[in-house]
Structures are given as C-alpha cells and as structure tokens.
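The values are calculated or read from the model by the stated rules, or taken from the named source; none is laboratory data. All values derive from a computational prediction rather than experimental measurement. Here the Cβ positions follow ideal geometry from the backbone for every residue, glycine too, while neighbour counts run over all protein chains shown.
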Amino acid sequence: MRAEAGAAGLLVPDLPEEQLPALQHAAAAHGLELVLLVTPATPTAEDVQRLARASQGFVYLASVAGPTGERQGVAPKVADHIEKLHAWTDTPVCVGFGVSGPEQARQIRAWGAEGVICGSALARALGESGSKEEGLRKMAELARSLREAIS
C-alpha cells in the first residue's frame, strides 16, 4: 500500500467504525487518499455523515444496496442521497453500481454528482471483445462518452 507503486488512493467498501482511525493513519502515512463507500443500506444518517466526512478525494455513493453490475436505470432516490451528502461534506460525490452508459451518467450529473463510476460496463466492453485491442478501443469509447455526458 504505497503511493510509490502508482496508487493515488484506497477504496474501502465496508469498514467497521472502530477501524477507521487506524486506516486513516495508515493511508496518510503512505500518501494515499481514503475513499469510503456509502450505500442505501448504510445503517444510519450518522454513519453516512461519518463516512462522508472521512472520505478523501471523493465519496463513493453506491446507487443500490446489493452487488455491483450494470442496470437499466438509476433510481430517483439517488438524487436525495447526493443532496444529503453535499449537505454533510464538501468532498465530491461519485455514483457507481449500475452505471453503464452516458444516459445514466447525464442523469446522475444533473442530480448534482461530480462523477460516475462504471467498472462493470468497462469490464464488459473488454471481456466481450474479440481481441485486446478491440476491447481497449471499446473501453476508451465508453469512457469518452461518459466524460462527455457529465461535462
């Protein structure tokens, strides 16, 4: 876990409260930002606030409670989660879990999120391609379309 290896941050999807200070210390000691995940299933508003305030770089907001993967749309309640997070922290909010295309990215940006995360869609673009080169081209096209959608 060293920034010298090229890492900029550490994404932590599930962290017991009592382990947060030690992880914050370790990340800081290695020059890494600590990015924490907030989900619709995060137990209490106090937990969401604590995670949002402790997150560095951005707060990762999962759009659904459950496994990641592509979905047809984004639930409107995500807009409420984004609004609450902005009330509790100045850290940018990025939404993931189920984001698979520019239409969803555009909607999420309109709701106020600063970014989107679409790992499953990028993995699919690579995995369903006939060659590594084609897969990388499709990934780049998808990434460009998402960036344009939120610009």
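Of the residues that sit in the range 67-88 and are within 15 Å of the chain's Cα centre (by Cα) and closer than 23 Å to residue 142 by Cβ, which one is modelled with the highest pLDDT?
The selected residue is 82.
Which count do you get for residues in the range 96-148 that are surrounded by 18 or more Cβ atoms within 10 Å (Cβ to Cβ) and of a type in the set (A, V, I, L, M, F, W, C)?
The number of residues fulfilling the criteria is 13.
Yes or no, residue by residue, for (1) touching a strand residue (DSSP E or B) at 6+ places or on another chain (Cβ under 9 Å); (2) modelled with pLDDT under 90; (3) not aliphatic (A, V, I, L, M):
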residue: 54; (1), (2), (3): yes, no, no
residue: 65; (1), (2), (3): no, yes, no
residue: 90; (1), (2), (3): no, no, yes
residue: 104; (1), (2), (3): yes, no, yes
residue: 110; (1), (2), (3): no, no, no
residue: 127; (1), (2), (3): no, no, yes
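Across the range 38-55, what is the number of residues that are under 17 Å from residue 92 (Cβ atoms) and not in a helix (DSSP H, G or I)?
Here is the first cut: in the range 38-55, the residues under 17 Å from residue 92 (Cβ atoms) are 38, 48-49, 51-55.
Those still in the list that are not in a helix (DSSP H, G or I) too: 38, 55.
Number of matching residues: 2.
Among all residue pairs at least 6 apart or on different chains, which show Cβ distances below 7 Å where the first residue, located in the range 1-19, is under 17 Å from residue 95 (Cα atoms) and of a type in the set (A, V, I, L, M, F, W, C) and the second is assigned to a helix (DSSP H, G or I) and modelled with pLDDT of 85 or more?
Final answer for the pair search is 10/27; 12/23.
Among the numbered criteria (1) at pLDDT below 90; (2) not in a loop (DSSP other than H, G, I, E, B), which one does residue 61 miss?
Unmet for residue 61, out of (1) at pLDDT below 90; (2) not in a loop (DSSP other than H, G, I, E, B): (1).
With a cut-off of at least 3 residues that are among the basic types (Lys, Arg), name the helices (runs of 4 or more DSSP H) lying wholly within the range 73-151.
132-150
Can you name the residue in the range 24-55 that is among the aliphatic types (A, V, I, L, M) and surrounded by fewer than 17 Cβ atoms within 10 Å (Cβ to Cβ) and, of all such residues, is nearest to residue 97 (Cα to Cα)?
From the range 24-55, those among the aliphatic types (A, V, I, L, M) are 26-29, 32, 34-38, 41, 45, 48, 51-52, 54; that's our starting set.
Adding the requirement that they be surrounded by fewer than 17 Cβ atoms within 10 Å (Cβ to Cβ) leaves 26, 28-29, 41, 45.
Values: 26: 27, 28: 27, 29: 30, 41: 13, 45: 20 Å.
Once the filter is applied, the top-ranked residue is 41.
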